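Here the structure is laid out as structure tokens; the discussion comes afterwards.
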Amino acid sequence: MYPNGHQGLKNINLKINDGEFVVIVGMSGAGKSSLIRSINRMVTPTEGELLIDNENVLAFREKKLRQLRTNVGMVFQNYNLVKRMSVLRNVMSGRLGHTNTFRSLLGLFPQEDLQLAMNNLKRVGIAEKAYVRADQLSGGQQQRVSIARVLTQQPKVILADEPVASLDPPTSHRVMKDLRRVSKEDNLTTIVNLHFIDMAMEYADRIIGLRDGEVVFDGPISEVTEATFEEIYGRPIKDDDLIGSEEA
Amino acid sequence: MSQPTKVALRKAQTKKGKVRFYLTLLVLSALYLVAILETEFKISSSQASPFTTLRRIFISPFTSMDYISQFPEYIGYMMETIAIAFAGGLVATLIAIPIAFLAARNISKEFSYIGKVILNAIRAIPELIFAIIFVAAVGIGPYAGVLAISINSVGMLGKLYAEVIESIDMSTIDAIRASGGNRLQAIWYGVLPQVLPEFSSYSIYRFEIDVRSSTVLGIVGAGGIGAPLILATYQRSWEDVGLILIVVIVFVSLIDILSGKIRKKLV
């Protein structure tokens with residue numbers, strides 16, 4: 001619940017398993033972002049419990065919270081890269097939680113961390129851009145940088161808040177493919193917000209549908225039908241809800 | 001087809017508005033009238049004609065070898081002035097950055113008022129007063145000038161820096177905080193790369209101002225070209241005043257051109 005009295009989420013009771021690739025769908029304002037941001041406490045729910053590895057993160061204070069956040073990586077809609085820094089520096093900024101403050105201020109990252117960063121850039125296919133300034137890259141490449149950044153953090157969980165909402169359909173598909181591939185390779189629990197139905201169907205193991213802050217559907221991809229989405233959106237499905245296939 | 005009603009660009013004036021307008025006009029004209037009547041427009045100082053003085057300032061220095069041979073000496077004084085401005089600007093930049101972070105609303109939230117009060121207090125005190133205080137404290141010479149320039153520049157630079165910081169994109173800080181980085185790391189990796197080009201641009205601009213103001217500071221004994229300048233004016237030795245002013249004008253213009261070029265490249 002927000003301080004202004006608007007209740008963003010209510011009666012949420014979910015259990016997300018290790019290694020699952022979960023997609024949360026729902027209309028704008030349904031509470032997708034609030035739900036995902038509660039998990040790493042970028043917003044703090046006013047009531048309830050949120051357990052990660054059997055620890056209630058809502059009780060965490062500064063130090064524990066930072067520790068939690070090093071284990072929970074986040075990918076943002078607008079990439080949130082520092083545009084004037086090189087790609088590699090941006091990727092290394094994901095490593096700050098693991099690095100001694102003093103060393104990080106001097107830019108003295110351990111060699112193995114730099115190797116890790118470079119390797120992750122390779123995995124998302126943009127290693128050759130490592131020393132290019134981030135604002136020289138296209139949107140899809142920037143989002144790959146932010147995926148590399150999150151991997152370099154070596155988290156257990158990845159939260160992705162509308163990772164492809166600012167990208168065109170073919171690029172969206174490629175970024176989602178990359179995200180799914182790396183999260184499966186590293187066996188990471190991944191929670192993604194999407195509002196395109198077909199995309200959710202294509203990449204998710206499990207779908208959670210939100211409407212007006214309440215869970216209206218929760219189940220594996222095999223149980224999802226068009227009727228499920230009509231229930232989530234509260235209206236028939238329109239073409240606007242679909243992003244189209246990769247060749248679109 | 002009916003004629004559309006005319007649309008005026010300005011909102012129609014009310015009667016009250018008209019009265020207020022003419023009343024203001026009346027009061028302002030009265031004030032101007034008093035000001036003009038009370039000012040004495042009478043020349044009552046030197047016997048020499050202004051044209052003779054101007055000629056002695058700007059023409060005579062070039063007519064005699066005696067004067068031209070003095071240029072190197074004054075250029076030396078100018079170099080000292082530039083050095084004072086440079087050292088002062090450098091120190092000011094280093095001090096202003098932490099204060100600016102303290103004063104930026106998006107970084108220090110409610111504590112930003114502390115930073116703002118510090119900066120406002122510094123800017124409220126004129127540079128010349130700082131110079132007089134420091135001359136009294138550390139003695140006559142360029143060191144006092146550097147101190148005065150640096151403290152004074154902190155006021156302006158800190159305010160400009162804080163405004164730059166307040167205008168940045170905060171999402172990158174979110175990203176670093178979300179990955180477990182602490183506040184200092186978020187500033188270092190999220191904020192500084194965004195603001196450094198603007199910071200250096202403002203510092204160079206301030207250096208330009210400092211060159212001009214450290215010329216003035218020499219008058220109270222804070223080193224640089226100001227001391228010979230004030231001495232020459234007291235002695236009504238207009239040729240020397242002219243020499244010094246020409247040196248100042250040339251160097252200030254050069255620095256202005258140079259700093260303009262550098263700043264264009266930075267931002």
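The values are calculated or read from the model by the stated rules, or taken from the named source; none is laboratory data. Bear in mind that the values here come from a model prediction, so they are computed numbers and not experimental data. Here the Cβ is made from the backbone with ideal geometry for all residues, glycine too, and neighbour counts use every protein chain on show.
Considering (1) away from every other protein chain (no Cβ under 14 Å); (2) in contact with a strand residue (DSSP E or B) (Cβ under 8 Å, 6 or more places away or on another chain); (3) of a type outside the set (Asp, Glu), say which one A:LYS122 fails and leave the rest.
Tallying (1) away from every other protein chain (no Cβ under 14 Å); (2) in contact with a strand residue (DSSP E or B) (Cβ under 8 Å, 6 or more places away or on another chain); (3) of a type outside the set (Asp, Glu), A:LYS122 fails exactly one: (2).
State all residues of region B:182-198 that are closer than 19 Å to B:LYS109 by Cα, assigned to a helix (DSSP H, G or I) and at the interface with chain A (Cβ under 7 Å from one of its Cβ atoms); if no residue qualifies, say none.
As a first pass, look at region B:182-198 and keep what is closer than 19 Å to B:LYS109 by Cα: B:182-188, B:190-192, B:195.
From what's left, assigned to a helix (DSSP H, G or I): B:183-188, B:190-192, B:195.
Answer for region B:182-198, where residues must be closer than 19 Å to B:LYS109 by Cα, assigned to a helix (DSSP H, G or I) and at the interface with chain A (Cβ under 7 Å from one of its Cβ atoms): B:LEU184, B:GLN185, B:TRP188, B:GLY190.
Residue by residue through region A:97-113, note down the ones that are in contact (Cβ under 8 Å) with a residue 24 or more places away in the chain and more than 8 Å from chain B (Cβ to nearest Cβ).
A:ASP113
Okay, residues lined up against (1) out of contact with any helix residue (DSSP H, G or I) (no Cβ under 8 Å at 6 or more places or on another chain); (2) part of a helix (DSSP H, G or I); (3) surrounded by fewer than 23 Cβ atoms within 10 Å (Cβ to Cβ):
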position: A:GLN154; (1), (2), (3): no, no, yes
position: A:PRO163; (1), (2), (3): no, no, no
position: A:LEU167; (1), (2), (3): no, no, yes
position: A:LYS184; (1), (2), (3): yes, yes, yes
position: A:VAL192; (1), (2), (3): no, no, no
position: A:GLU202; (1), (2), (3): no, yes, yes
position: A:VAL215; (1), (2), (3): yes, no, yes
position: A:GLU231; (1), (2), (3): yes, yes, yes
position: A:PRO236; (1), (2), (3): no, no, yes
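Identify, from the list A:GLY94, A:GLY140, the residue that is more than 11 Å from chain B (Cβ to nearest Cβ), outside any loop (DSSP other than H, G, I, E, B), at negative phi and not acidic (Asp, Glu).
Testing whether each residue is more than 11 Å from chain B (Cβ to nearest Cβ), outside any loop (DSSP other than H, G, I, E, B), at negative phi and not acidic (Asp, Glu) leaves just A:GLY140.
Out of (1) surrounded by 20 or more Cβ atoms within 10 Å (Cβ to Cβ); (2) more than 30 Å from A:GLY234 (Cα to Cα), the odd one out for A:ARG61 is which?
Condition (1) is where A:ARG61 drops out.
Taking helices (runs of 4 or more DSSP H) that fall entirely within region B:125-181, which contain at least 2 residues that are within 19 Å of the chain's Cα centre (by Cα) and away from chain A (no Cβ under 14 Å)?
Qualifying helices (runs of 4 or more DSSP H): B:127-138, B:142-166.
For region A:20-74, give me each residue that is modelled with pLDDT of 85 or more, more than 14 Å from every other protein chain (Cβ to nearest Cβ) and in contact with a helix residue (DSSP H, G or I) (Cβ under 9 Å, 6 or more places away or on another chain).
Those that are modelled with pLDDT of 85 or more, more than 14 Å from every other protein chain (Cβ to nearest Cβ) and in contact with a helix residue (DSSP H, G or I) (Cβ under 9 Å, 6 or more places away or on another chain): A:PHE21, A:VAL23, A:ILE24, A:VAL25.
The rows are residues; the columns are (1) under 18 Å from B:ALA96 (Cβ atoms); (2) surrounded by fewer than 22 Cβ atoms within 10 Å (Cβ to Cβ); (3) among the β-branched types (Val, Ile, Thr).
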| residue | (1), (2), (3) |
| --- | --- |
| B:ILE140 | no, yes, yes |
| B:ALA162 | yes, no, no |
| B:ILE168 | yes, yes, yes |
| B:ASP210 | yes, no, no |
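Has region A:70-88 got at least one residue that is surrounded by 13 or more Cβ atoms within 10 Å (Cβ to Cβ), of a type in the set (D, E, K, R) and not in a loop (DSSP other than H, G, I, E, B)? Give the steps one after another, and end with the answer.
Within region A:70-88, the subset surrounded by 13 or more Cβ atoms within 10 Å (Cβ to Cβ) is A:70-88.
This time we only want the ones that are of a type in the set (D, E, K, R), so: A:83-84.
In the following step, the residues that additionally are not in a loop (DSSP other than H, G, I, E, B) were identified as none.
No: region A:70-88 contains no residue that is surrounded by 13 or more Cβ atoms within 10 Å (Cβ to Cβ), of a type in the set (D, E, K, R) and not in a loop (DSSP other than H, G, I, E, B).
Within region A:125-146, count every residue that is in contact with a strand residue (DSSP E or B) (Cβ under 8 Å, 6 or more places away or on another chain) and either aromatic (Phe, Trp, Tyr) or free of Cβ contacts under 8 Å to residues at least 12 places away in the same chain (or both).
1
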